[in-house]
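The values are calculated or read from the model by the stated rules, or taken from the named source; none is laboratory data. Every value quoted in this text rests on a predicted model; they were computed, and no experiment measured them. In this analysis, Cβ positions are derived from the backbone assuming ideal geometry, glycine residues included, and neighbour counts consider all displayed protein chains. Surface areas here come from the heavy atoms of the whole protein model, side chains and all, with no ligands, DNA or RNA. Shrake-Rupley method; radii C 1.70, N 1.55, O 1.52, S 1.80 Å.
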Amino acid sequence: MATTGKQTVLQFTPSTASLTARVHPLVIFNICDCYVRRPDQADRVIGTLLGSLSPDGIVEIKNSYAVPHSESSDQVALDIDYHHNMLLSHQKVNPKEVIVGWYSTGFGVSGGSALIHDFYSREVPNPIHLTVDTGFGNGVGTIKAFVSVSLSLGDQQLAAQFQEIPLDLRLIEAERVGFDILKKTAVDKVPTDLEGMEASMEHLLALIDDVYKYVDSVVEGQVAPDNSIGRFISETIASLPKIPPSAFDKLVNDGLQDQLLLLYLSSIIRTQLSLAEKLNTVAQIL
């Protein structure tokens, strides 16, 4: 059999350079809220992700909104007009937020995801596909981010597949308390500020205890030392303010008093508004 000097190579072509996604908690809470409010016949919710892309390849996902859709086994229909109207409304408030991708609820990529991703690829180059498991199985919220990778045969593109990229969920301690409650799917009541602070302190003490155990294990020769971990612990300790315990107690008490004062003032304002509303109602009746 005669052969030619040219060979046809089957290869994957990444649609983008190395990317890392950072998701703000507002996006996760918004997606879960849209999932709860979805139509009865809808199995999942999809929507648009808004944010920004930095030159170093970090995609900040800061906001989102749901897009009405209907899908079957072989086709997906999106309300494109609604999508564009919502985008214009969001950009009037924050013009720096642009489309960075889209999201869907459920575990992993589903059959119609390629069709939806193709639509968003025409809206913005290299969109990110974010999946959120709103079932929170075993108390774990599985959140993943994907990009499209093209499969080509020579110069001809045959198909595309989703490739997972690193994802970082940006949470401060107060937001982490809310996210932990969300993962439980059912709670008796939302914890108060003091209960949330207590849970945060217990978590912090558990982390400090783990650090103590690691340092003791390294000193005793049970664990091989890691220079990067040692530098991180040293930088963390160096960042702590060196103040006397009495001054620290006074600082905490002053902050607590300020919070209590704000709660008292807000309670007075709510009472005044309620009283004014009732007086206005009585005046209209008379």
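Structure above, values below:
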| quantity | calculated |
| --- | --- |
| Residue satisfying condition, being among the hydrophobic types (A, V, I, L, M, F, W, C), in a helix (DSSP H, G or I), modelled with pLDDT of 80 or more and open to solvent by 80 Å² or more (accessible area, probe 1.4 Å), within set Ile237, Ile229 | Ile237 |
| Residues (at pLDDT below 75, farther than 21 Å from Leu26 by Cα and part of a helix (DSSP H, G or I)) located in region 168-214 | Leu194, Glu195 |
| Residue match in region 42-60 (condition: at positive phi, under 23 Å from the mean Cα position of the chain (by Cα) and either modelled with pLDDT under 80 or not in a strand (DSSP E or B) (or both)) | yes |
| Criterion (out of contact with any Asp or Glu (no Cβ under 6 Å at 6 or more places or on another chain), open to solvent by 80 Å² or more (accessible area, probe 1.4 Å) and over 28 Å from Val211 (Cα atoms)) met by exactly one of Leu256, Leu263 | Leu263 |
| Residues located in region 120-166, provided they are at pLDDT 70 or above, surrounded by fewer than 16 Cβ atoms within 10 Å (Cβ to Cβ) and in a loop (DSSP other than H, G, I, E, B) | Pro125, Asp133, Gly135, Thr142, Pro166 |
| Asp33, sole failed condition from (1) open to solvent by 30 Å² or more (accessible area, probe 1.4 Å); (2) touching a Ser or Thr at 6+ places or on another chain (Cβ under 6 Å); (3) not aromatic (Phe, Trp, Tyr) | (2) |
| Identity of the residue in region 72-90, open to solvent by less than 70 Å² (accessible area, probe 1.4 Å) and of a type in the set (S, T, N, Q), that ends up nearest to Ile28 (Cα to Cα) | Ser89 |
| Within region 72-103, considering residues that are touching a helix residue (DSSP H, G or I) at 6+ places or on another chain (Cβ under 7 Å) and assigned to a strand (DSSP E or B), the one nearest to Asp33 (Cα to Cα) | Tyr103 |
| Complete set of residues in region 49-71 that are within 24 Å of Pro39 (Cβ to Cβ) and either touching a helix residue (DSSP H, G or I) at 6+ places or on another chain (Cβ under 7 Å) or open to solvent by less than 60 Å² (accessible area, probe 1.4 Å) (or both) | Leu49, Leu50, Asn63, Ser64, Tyr65, Ala66, Val67, Pro68, His69 |
